[in-house]
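Report on the following structure.
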Amino acid sequence: MQDNKVALITGGSRGIGKATAIKLAQAGCDVIINYAGNVEAANKTVEEIKATGVRAEAFKFDVSNKEEVDENIAKIIEKYQRIDVLVNNAGITRDDLFIRMTDDKWLDVINTNLNSAFYVTKPVVKLMMKQRYGSIINTTSVVGVYGNAGQANYSSAKAGLIGFTKSLAKELGGRNIRVNAVAPGFISTDMTKNLGNVDEYLKLISLKRFGTAEDVASAIKFLALDTDYITGQVLEVDGGMVI
Ligand code: NAP
């Protein structure tokens, strides 16, 4: 058990993060999840991860708060000694048309979806550099590639994550640290449960269904564990969207 790889997944209590946590655990990783406030969901996810036979623990901290991130990542490193896989997955939406978008909506999304990756990845990369091994996966979105009306804040954060992914891949490749991104399309989670116009969205998807959290988790696991020679890539997991 001591030799298991250790994976840290932000926003791992629900949705895509939870499915990824379970997928990585089934592949033999010890899994640490982070969450913002939903203790019940986090505890349930930890129990489901432990049922696969690996170590699991949940850490509550706000990824948009640098002090909280630093304090908690230090605790995680002290206890687990290594982090082999980091999935920057925590994210929120605060949609509005640009002309009506408040400063708060802009800043909440940029801080939670983009600045968080800077805060979390920095201390983790320091450790990965010492290990001379690491795999980082950033959860971006198809709207970070193509844009979306009503999501200037979210699209900007997700596009930023793509630049972050490609730049870090170039900086860290020499240390055997790979950095990739997944760009999900429409995935059935709490985030999309109140989406209107479902039939209109389905028209855009070649496979004619929304994705599942497990569909995205499979792609994350592939990039994290099943390949050693892919870095700097953005894998669209969108059922073949035509945008
Ligand atoms: P979700 O079901 O709403 O889950 C969000 C997760 O992020 C929860 O674990 C939540 O913790 C955590 N979280 C939110 N704010 C946080 C913060 N400030 N600090 C720490 N954790 C925080 O979302 P999802 O649909 O699985 O989305 C996961 C990622 O995929 C996001 O980055 C999202 O932008 C991206 N994505 C989703 C879709 C989609 O269609 N669903 C498409 C493209 C990209 P609590 O449980 O404590 O609230």
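The values are calculated or read from the model by the stated rules, or taken from the named source; none is laboratory data. Since the model is a prediction, treat every value here as computed from it, not as a measurement. Backbone-built Cβ (ideal geometry, glycine too); neighbour counts: all protein chains shown. The accessibility values were calculated without ligands, DNA or RNA, using every heavy atom of the protein model including side chains. Shrake-Rupley method; radii C 1.70, N 1.55, O 1.52, S 1.80 Å.
Worth pointing out:
- Scanning region 137-167 for residues that are without any contact (Cβ under 8 Å) to a residue 60 or more places away in the chain and more than 11 Å from the ligand (Cβ to nearest atom) yields 147, 149, 150, 152, 153, 156, 159, 160, 163, 164, 167.
- Any hit, region 164-177, residues being at negative phi, not acidic (Asp, Glu) and not in a helix (DSSP H, G or I): yes
- Per-region count, region 94-134, residues more than 16 Å from the ligand (Cβ to nearest atom), among the hydrophobic types (A, V, I, L, M, F, W, C) and farther than 18 Å from residue 31 by Cα: 5
- For region 199-213, filtering for residues that are modelled with pLDDT of 95 or more and either within 9 Å of the ligand (Cβ to nearest atom) or open to solvent by less than 100 Å² (accessible area, probe 1.4 Å) (or both) leaves 8.
- Given (1) touching a residue at least 60 places away in the same chain (Cβ under 8 Å); (2) buried (at least 21 other Cβ atoms within 10 Å of the Cβ), number of the condition residue 82 does not satisfy: (2)
- Qualifying residue in region 178-198 (condition: more than 14 Å from the ligand (Cβ to nearest atom), open to solvent by 20 Å² or more (accessible area, probe 1.4 Å) and assigned to a helix (DSSP H, G or I)): no
- Scanning region 223-237 for residues that are in a helix (DSSP H, G or I) and surrounded by 20 or more Cβ atoms within 10 Å (Cβ to Cβ) turns up at least one hit.
- Residue 175, sole failed condition from (1) over 30 Å from residue 104 (Cα atoms); (2) open to solvent by 60 Å² or more (accessible area, probe 1.4 Å); (3) free of Cβ contacts under 8 Å to residues at least 24 places away in the same chain: (3)
- Restricting 53, 91, 11, 37 to residues that are exposed (fewer than 14 other Cβ atoms within 10 Å of the Cβ), assigned to a loop (DSSP other than H, G, I, E, B) and within 11 Å of the ligand (Cβ to nearest atom) narrows the list to 37.
- Conditions (1) touching a residue at least 40 places away in the same chain (Cβ under 8 Å); (2) more than 9 Å from the ligand (Cβ to nearest atom); (3) assigned to a helix (DSSP H, G or I): number failed by residue 58: (3)
- The set of residues from region 42-82 being over 17 Å from the mean Cα position of the chain (by Cα) and of a type in the set (S, T, N, Q) comprises 43, 52, 72, 81.
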